[in-house]
1. What residue, of 55, 20, is open to solvent by 10 Å² or more (accessible area, probe 1.4 Å), of a type outside the set (Lys, Arg) and touching a residue at least 12 places away in the same chain (Cβ under 8 Å)?
2. So how many residues does region 89-120 have that are closer than 23 Å to residue 185 by Cβ and among the hydroxyl-bearing types (Ser, Thr, Tyr)?
3. Looking only at region 166-210, which residues are assigned to a loop (DSSP other than H, G, I, E, B) and within 20 Å of residue 368 (Cβ to Cβ)?
4. Looking only at region 196-211, filter to residues that are of a type outside the set (A, V, I, L, M) and surrounded by 15 or more Cβ atoms within 10 Å (Cβ to Cβ); which one of those is nearest to residue 237 (Cα to Cα)?
5. State all residues of region 364-401 that are farther than 19 Å from residue 159 by Cα and either hydroxyl-bearing (Ser, Thr, Tyr) or in contact with an Asp or Glu (Cβ under 7 Å, 6 or more places away or on another chain) (or both); if no residue qualifies, say none.
6. Going residue by residue through region 332-345, is there one that turns out to be in a helix (DSSP H, G or I) and either open to solvent by less than 40 Å² (accessible area, probe 1.4 Å) or among the acidic types (Asp, Glu) (or both)?
7. When both residues are 6+ apart or on different chains and their Cβ atoms are under 8 Å apart, which pairs have a first residue that lies in region 382-400 and is under 27 Å from residue 191 (Cβ atoms), and a second that is surrounded by 15 or more Cβ atoms within 10 Å (Cβ to Cβ) and of a type in the set (Phe, Trp, Tyr)?
8. Please enumerate the residues belonging to region 164-175 that are touching a residue at least 40 places away in the same chain (Cβ under 8 Å) and either open to solvent by 30 Å² or more (accessible area, probe 1.4 Å) or over 22 Å from residue 365 (Cα atoms) (or both).
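The values are calculated or read from the model by the stated rules, or taken from the named source; none is laboratory data. On a predicted model such as this, the values are computed, not experimentally measured, just so you know. Positions of Cβ are generated from backbone atoms using ideal geometry, with glycine treated the same way; all protein chains shown enter the neighbour counts. Note: areas computed on protein heavy atoms with side chains; ligands, DNA, RNA excluded. Shrake-Rupley method; radii C 1.70, N 1.55, O 1.52, S 1.80 Å.
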Amino acid sequence: MTETLDDTASGAAQAMPEFPMPRAAGCPFAPPPGVEALRAENPLRRVRIWDGSEPWLVTGHALQRALLADPRVSANDKNPGNFPFVTEYRQQIAEFTPELIVNTDAPEHTRLRRTVNGPFIIKRIEAMRAPIQKIVDGLIDDMLAGPNPADLLTALALPVPSLVISELLGVPYDDHEFFQKNSSLALDRAAPPEESRAASTALHGYLDRLVGEKLGNPGEGVLSELAGRVESGDMTRSEAVHMGVAMLIAGHETTATMISLGTLVLLENPGQLALVRDSEDPKTVAGAVEELLRYLSIVQVGLRRVATEDIEIGGEVIRAGDGLVIDLHAANWDPETFPGAEQVDVTRPARQHNAFGYGPHQCLGQSLARLELQVVYGTLYRRVPTLRLATTVDRLEFDHSGTTYGVKSLPVAW
């Protein structure tokens, strides 16, 4: 018998808890109370997931950093053992998925990451600040000229990262509805496997066509750089296509979620909003970005790993072949690292959060995400100082279906 959330919270039951756990009604920003209780009891313990397997759930901040940096912890979902897949579909396609930066370990991971590091180095990302500022200003102009109230998700949160990633990759922005729709379906944990497979196939076919067009006829953008790598023999066309798909999906969904949810948090905390809106110091906005990344930790299914050797840690022994689920949100609310973690505090030094992961697989696009959020948070509330929620939080529809957690719409007025 599986324990309930109430059993988990009380510590009364000894049955195996299930992961992921639902968030509590009326508390949309906090980790599920069951996970919080498990971390307080033991930040490293077994849970049961959808297929009946029992991986280790890692909820402590320090434990996560130790394990994510440990070479005995593998991201390779083809490794022998009980890799804790997110869905049945992901399990089915694992053996057919090529080696990518998300599912390989050194030295292959090092080689693949080196092929795409260039566009994401801080100097090149910082050079995008002015173009991103122009995008944000233009979208705010359009929002203010349009209906009031407006849906911030469609007016700003989705277009900003979609425009940016399209420009960075060299993907036509006119196709954004296609890749947004298929990205959502490919990541939807509740979608039938055949729909996820069809969406994934459509995205790969689309990127394969674009990479093919760049071969011998390069232009601007990362896809042209990837095509050049294919021509030089540094990577295969399949690797280039899969890399492009991964960047296209990750480059718009997560940032869009952070723009909308971060704005919601600030609107619900007007004192914190005032600190961001009224400060002349760019470091204040940058600090607010880090705190909101910590506070929201939008990746809700955890990073998935498998142990390749026995690991003694935290008073437990993780055996070779054991799966691990790294719950980033729980660690980012760990009171041992972030006292008063349940309170959003934009003055908190929060840069040590795990929202982008940690270790060799830390998010490739984190500098770009930070820049986009800094520009949006530093512009929107100044340009629209009367911005307010046009409904109540309890009437918002939160989206639990994908790998990230967000809102399906965010009605705002001014």
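1. The unique qualifying residue is 20.
2. Selection size over region 89-120: 2.
3. 170, 171, 172
4. So, considering only residues that are of a type outside the set (A, V, I, L, M) and surrounded by 15 or more Cβ atoms within 10 Å (Cβ to Cβ), the one nearest to residue 237 (Cα to Cα) is 208.
5. Once the filter is applied, which keeps residues that are farther than 19 Å from residue 159 by Cα and either hydroxyl-bearing (Ser, Thr, Tyr) or in contact with an Asp or Glu (Cβ under 7 Å, 6 or more places away or on another chain) (or both), region 364-401 yields 386, 391, 392, 393, 401.
6. Yes; the residues of region 332-345 include at least one that is in a helix (DSSP H, G or I) and either open to solvent by less than 40 Å² (accessible area, probe 1.4 Å) or among the acidic types (Asp, Glu) (or both).
7. The qualifying pairs are 398/405; 399/405.
8. Passing the criteria: only 167.
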